[in-house]
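Please read the structure below before turning to the comments.
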Ligand code: NIG
Ligand code: FE
């Protein structure tokens, strides 16, 4: 028998789809076999079929499941001492140059077992779920040896296999040059291009390849070599671009036809136009700007005006932004980047899905989409970002099944 569920009495439903109005009041949504079969105003809903289960949502609001399209969710250890050092005046780059930063997490991840990484990752994934996240991208990049990079990606894959979330994995072997290769960085690039990428691709461990383009990390030329190699092996390029200094990472992402360019606090006019022309998604990471006390947020409005699709992500990681609260990140985006709550919602759902190349199935509430949706105890979307720092989520459904309920 076909499984059909009808959700009724939805106070406001936000479809986040170009062919639909931005909000439907008094909405009904019908789920069939994990997918959306019908959505629209209650007065236009088709008559229920005999086998359908009906549920009233008592005026709650419903959005698509949130898509966190940039995370470093697998790690070991903590970097709270670096948070303290930054509060005392050190910068992110000072700490990295002194052997801390990414390398400090690399040392912990190399020591950790696969099981430990999966278990710690599972707790973070559950916290993301409690804020409405139903799909997540997870990067490697704290292993920086073939074995440890593979271990991280295996942990991310294991999480994806054992949780209802959509999990997309990205190889970030080019996160920084590890200490043992510092004197001969060329040998590390050879290792990435000749050993790690072919192995990751052959074993199907990642669908994308990312590079941190930054002083102290990788130059544009080095990044191009890594990303072009990744492309030859079928890995979509992504770039940590123009985060701490204007390096031209956005232009690189555009010239490679990258899936996304992320961070972009220091992007210039030319970079904005390049992303627009190439149709590259710009992923905003306001949590890291906030936590690094950078002061300068990515120019979200200029990007939108140029016609660039925006995503907003947590960047969940132990160094620059340690929070699973994507709603709080949305509030930071609204206030500091001056985005409307609807623009923020779009970036948290459809924008993220575009960045992951899954906007035909995720990020919108329309017929044919996966029934991933969030029920909020709030009068409208403005309220969620206005009353910040807590979760307003009452229920999260993935493929039509409830996987989180605030009341249990
Ligand atoms: O996205 N920018 C580079 N990578 C991470 C930070 C990684 C770390 O410091 O551990 C980021 O902010
Ligand atoms: Fe990142």
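The values are calculated or read from the model by the stated rules, or taken from the named source; none is laboratory data. None of the values given here were measured: they were computed from a predicted structure. Note: ideal-geometry Cβ built from the backbone for every residue, glycine included; neighbour counts use all protein chains shown.
Mind telling me which of the residues 249, 279, 271, 307 ends up being modelled with pLDDT of 95 or more, more than 18 Å from residue 91 (Cα to Cα), within 16 Å of ligand 1 (Cβ to nearest atom) and not assigned by TED's automatic domain parsing to the domain that holds residue 17?
Of 249, 279, 271, 307, the one residue that is modelled with pLDDT of 95 or more, more than 18 Å from residue 91 (Cα to Cα), within 16 Å of ligand 1 (Cβ to nearest atom) and not assigned by TED's automatic domain parsing to the domain that holds residue 17 is 249.
Can you pull out the residues in region 223-245 that are touching a residue at least 12 places away in the same chain (Cβ under 8 Å) and more than 15 Å from ligand 1 (Cβ to nearest atom)? Lay out the reasoning, then the answer.
Taking region 223-245 first, the residues touching a residue at least 12 places away in the same chain (Cβ under 8 Å) are 223-231, 233-245.
Within region 223-245, 224, 225, 227, 228, 229, 230, 231, 233, 234, 235, 236, 237 qualify.
Suppose we keep only residues that are in contact with a helix residue (DSSP H, G or I) (Cβ under 6 Å, 6 or more places away or on another chain) and without any contact (Cβ under 8 Å) to a residue 40 or more places away in the chain within region 339-361. Which one would you say is surrounded by the fewest Cβ atoms within 10 Å (Cβ to Cβ)?
Checking each candidate, the answer is 359.
Evaluate the following for residue 384: is it in contact with a helix residue (DSSP H, G or I) (Cβ under 9 Å, 6 or more places away or on another chain) and surrounded by 16 or more Cβ atoms within 10 Å (Cβ to Cβ)?
Details: in contact with a helix residue (DSSP H, G or I) (Cβ under 9 Å, 6 or more places away or on another chain): yes; surrounded by 16 or more Cβ atoms within 10 Å (Cβ to Cβ): yes.
Judged against the criteria, residue 384 is a match.
With respect to the numbered conditions (1) crowded, with 23+ Cβ neighbours inside 10 Å; (2) touching a helix residue (DSSP H, G or I) at 6+ places or on another chain (Cβ under 6 Å); (3) closer than 30 Å to residue 100 by Cβ, which one is the sole condition not fulfilled by residue 313?
(2)
Among 381, 329, which is more than 16 Å from ligand 2 (Cβ to nearest atom) and in contact (Cβ under 8 Å) with a residue 40 or more places away in the chain?
381
Test of understanding: among 104, 130, which residue is within 13 Å of ligand 1 (Cβ to nearest atom) and either more than 14 Å from residue 152 (Cβ to Cβ) or in contact with a helix residue (DSSP H, G or I) (Cβ under 8 Å, 6 or more places away or on another chain) (or both)?
When all the criteria are applied, what remains is 104.
Please determine whether any residue of region 188-201 is within 16 Å of ligand 2 (Cβ to nearest atom) and in contact (Cβ under 8 Å) with a residue 24 or more places away in the chain.
No, region 188-201 contains no residue that is within 16 Å of ligand 2 (Cβ to nearest atom) and in contact (Cβ under 8 Å) with a residue 24 or more places away in the chain.
Among the residues in region 180-202, are any crowded, with 17+ Cβ neighbours inside 10 Å, closer than 30 Å to residue 372 by Cβ and in contact with a helix residue (DSSP H, G or I) (Cβ under 7 Å, 6 or more places away or on another chain)?
Yes, some residue in region 180-202 is crowded, with 17+ Cβ neighbours inside 10 Å, closer than 30 Å to residue 372 by Cβ and in contact with a helix residue (DSSP H, G or I) (Cβ under 7 Å, 6 or more places away or on another chain).
Being surrounded by fewer than 23 Cβ atoms within 10 Å (Cβ to Cβ) and either more than 16 Å from ligand 1 (Cβ to nearest atom) or at pLDDT below 95 (or both) is the filter here; which residues of region 112-126 pass it?
Selection gives 113, 114, 115, 116, 118, 119, 122, 123, 126.
Output the residues belonging to region 223-233 that are surrounded by 19 or more Cβ atoms within 10 Å (Cβ to Cβ) and either touching a strand residue (DSSP E or B) at 6+ places or on another chain (Cβ under 7 Å) or outside the structural domain of residue 256 (by TED's automatic domain parsing) (or both).
Correct list: 223, 226, 227, 230.
Answer yes or no: is there a residue in region 221-238 that is modelled with pLDDT of 95 or more, closer than 23 Å to residue 359 by Cβ and within 15 Å of ligand 2 (Cβ to nearest atom).
Taking every residue of region 221-238 in turn, at least one turns out to be modelled with pLDDT of 95 or more, closer than 23 Å to residue 359 by Cβ and within 15 Å of ligand 2 (Cβ to nearest atom).
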